[in-house]
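The values are calculated or read from the model by the stated rules, or taken from the named source; none is laboratory data. Keep in mind it's a predicted model, so treat the numbers as computed, not measured. Neighbour counts are summed over all protein chains in view; Cβ atoms, including those assigned to glycine, are modelled from backbone coordinates with ideal geometry.
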Amino acid sequence: MNGITICGTGAAVPENRLTNEDLTRMVDTSDEWITTRTGIKSRYISQTETTTGLAAEAGRLAIENSGIDPKKIGLLIVATFTPDNLTPSVACMVQRELGLNEVSMAAFDLNAACSGFVYSLAAAGGMLAAMPDKYALVIGAEVLSRTIDYTDRGTCILFGDGAGAAVVKHRNDARLVSYLDSRGDDRIICAASAGKKCYAPQKLFMNGRDVYQFAVDIVPRCIENVLEQAGYTLDDIKYVICHQANARIIAAVSERLGAAPGQFVQNIESYGNTSAASIPILLDELNRGGRLTRGDKLVMAGFGGGLTWGAMMTEW
Ligand code: UT7
């Protein structure tokens with residue numbers, strides 16, 4: 001068996017908050033358009049913070065929250081598509097920042113864009129089965145603002161920066177229930193570097209309307225897949241934590257699945273879309289808000305660039 005349990009969470013965001021009002025001074029938009037089309041009111045944008053810095057702070061808080069001995073961490077995964085360097089990985093730099101260079105661990109970044117945290121938890125579940133006495137530190141961290149074209153009103157209003165983290169432990173008495181999928185597609189695309197041979201735009205490009213349709217179609221099916229595998233219905237689930245891409249997507253998925261009010265949790269209003277960080281930031285909010293009780297069943301669902309998508313069921 002290779003189940004997991006989450007034993008602590010943490011989150012970090014940059015200091016600088018960018019409101020819809022601020023954006024109206026940068027592009028032709030309005031608070032009303034952004035609020036009704038996306039549910040977003042403000043987001044945090046890095047001025048000096050790095051992906052590594054945010055990831056390390058979220059990781060430090062998650063370790064503190066879990067109360068574990070950090071020397072027992074055997075695996076550190078950072079889900080990101082905005083690493084500070086192609087090498088060293090953000091994960092290795094977080095290991096150093098946390099003062100854990102003397103601790104033997106596997107550390108690597110995982111790029112599955114906005115599905116990255118779900119993919120990373122699933123990878124951690126598989127890898128921890130081979131080291132059941134160790135913990136994994138799984139982080140989603142992005143400084144998306146460095147990929148954003150702040151003259152493109154279709155994308156610049158959506159994205160924010162931040163990091164969320166979870167300390168994860170192997171569970172012998174549970175099965176890891178996850179569903180991961182992908183399909184190569186350039187409806188969301190951003191070049192890796194400014195090299196002359198790049199065929200992709202240097203800034204993030206997204207065909208928003210297409211991606212919206214894709215998300216509303218695929219996310220309910222992902223969630224149904226993991227519920228079916230686990231032998232549960234939505235009634236058994238305390239919270240569904242969807243990637244925070246657009247409040248309308250979350251509402252449409254929730255409605256399609258006939259969810260109870262409040263079951264699909266949200267915090268997009270204050271953070272925007274933080275890609276791989278959105279699920280763990282929200283998980284941390286639930287944890288620190290005292291809204292989680294041991295044994296609560298949670299479903300997490302991510303979707304985005306790649307295209308990638310996936311869902312996972314876990315018990316708090
Ligand atoms: O995290 C990875 C996955 N990403 C997503 O899931 C994003 C999915 N897509 C979306 O969330 C939505 O498609 C957007 C929020 C990006 C756009 O909302 P939409 O309702 O699909 O708008 P649209 O692109 O169809 O544009 C509608 C109109 C257009 O004007 P016309 O052509 O109808 O005259 C746009 O030019 O809204 C215009 N528009 C804006 N107006 C004011 C686009 N952006 C803005 C803006 N302010 N910021």
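I241 meets each of the listed conditions (1) touching a Leu at 6+ places or on another chain (Cβ under 7 Å); (2) within 16 Å of the ligand (Cβ to nearest atom); (3) outside any strand (DSSP E or B) apart from (3).
Only one entry in E142, E97 is in contact (Cβ under 8 Å) with a residue 60 or more places away in the chain, among the acidic types (D, E) and in contact with a helix residue (DSSP H, G or I) (Cβ under 7 Å, 6 or more places away or on another chain), namely E142.
Pairing residues of the stretch 19-37 that are closer than 19 Å to I249 by Cα and near the ligand (Cβ under 9 Å from one of its atoms) with residues that are at pLDDT 95 or above and part of a helix (DSSP H, G or I), at Cβ distances under 8 Å and at least 6 apart in sequence or on separate chains, gives I34/N20; I34/L23; R37/R248. Against the condition within 18 Å of the chain's Cα centre (by Cα), away from the ligand (no atom under 16 Å from the Cβ), without any contact (Cβ under 8 Å) to a residue 60 or more places away in the chain and buried (at least 20 other Cβ atoms within 10 Å of the Cβ), how does V13 come out, does it pass? When the stated conditions are applied, V13 does not pass them.
Surrounded by fewer than 21 Cβ atoms within 10 Å (Cβ to Cβ) and either near the ligand (Cβ under 10 Å from one of its atoms) or in a loop (DSSP other than H, G, I, E, B) (or both): is that true of Q213 in this structure? Criteria met by Q213. Tell me which residues, restricted to the stretch 32-69, are of a type in the set (D, E, K, R) and in a loop (DSSP other than H, G, I, E, B). Scanning the stretch 32-69 gives K41, E49, D69. Checking each residue in the stretch 2-31 for being modelled with pLDDT under 95 and either assigned to a loop (DSSP other than H, G, I, E, B) or basic (K, R) (or both) picks out only N2. Kindly provide the set of residues from the stretch 119-146 that are away from the ligand (no atom under 12 Å from the Cβ) and closer than 14 Å to S46 by Cβ, ordered by number. The answer is A141, V143, S145, R146.
Is it the case that the stretch 21-42 has a residue that's of a type in the set (K, R), in contact with an Asp or Glu (Cβ under 9 Å, 6 or more places away or on another chain), surrounded by 21 or more Cβ atoms within 10 Å (Cβ to Cβ) and within 21 Å of N273 (Cβ to Cβ)? No - not one qualifying residue is present in the stretch 21-42. S254 fulfils the conditions (1) assigned to a helix (DSSP H, G or I); (2) surrounded by 19 or more Cβ atoms within 10 Å (Cβ to Cβ); (3) in contact (Cβ under 8 Å) with a residue 60 or more places away in the chain except for a single criterion, (3).
Counting the residues of the stretch 283-309 that are farther than 21 Å from F159 by Cα, among the aliphatic types (A, V, I, L, M) and in a strand (DSSP E or B) gives 2.
Restricting attention to helices (runs of 4 or more DSSP H) lying wholly within the stretch 80-197, give those where 3 or more residues are among the aliphatic types (A, V, I, L, M) and closer than 23 Å to K297 by Cα. Once the helices (runs of 4 or more DSSP H) in the stretch 80-197 are filtered for at least 3 residues that are among the aliphatic types (A, V, I, L, M) and closer than 23 Å to K297 by Cα, what remains is 116-128.
Going through L75, L86, L61 one at a time, which residue ends up being touching a residue at least 60 places away in the same chain (Cβ under 8 Å), more than 16 Å from the ligand (Cβ to nearest atom) and surrounded by fewer than 18 Cβ atoms within 10 Å (Cβ to Cβ)?
Values: L75 fails: surrounded by fewer than 18 Cβ atoms within 10 Å (Cβ to Cβ); L61 fails: surrounded by fewer than 18 Cβ atoms within 10 Å (Cβ to Cβ).
Result of the check over L75, L86, L61: L86.
Each residue in the stretch 130-157 was checked for being farther than 23 Å from G10 by Cβ and crowded, with 24+ Cβ neighbours inside 10 Å, and 1 pass. Residues that are under 19 Å from T48 (Cα atoms) and among the aromatic types (F, W, Y) do occur in the stretch 147-167.
When the stretch 260-290 is filtered for residues that are touching a residue at least 40 places away in the same chain (Cβ under 8 Å) and surrounded by fewer than 16 Cβ atoms within 10 Å (Cβ to Cβ), the ones remaining, listed by number, are E269, R288.
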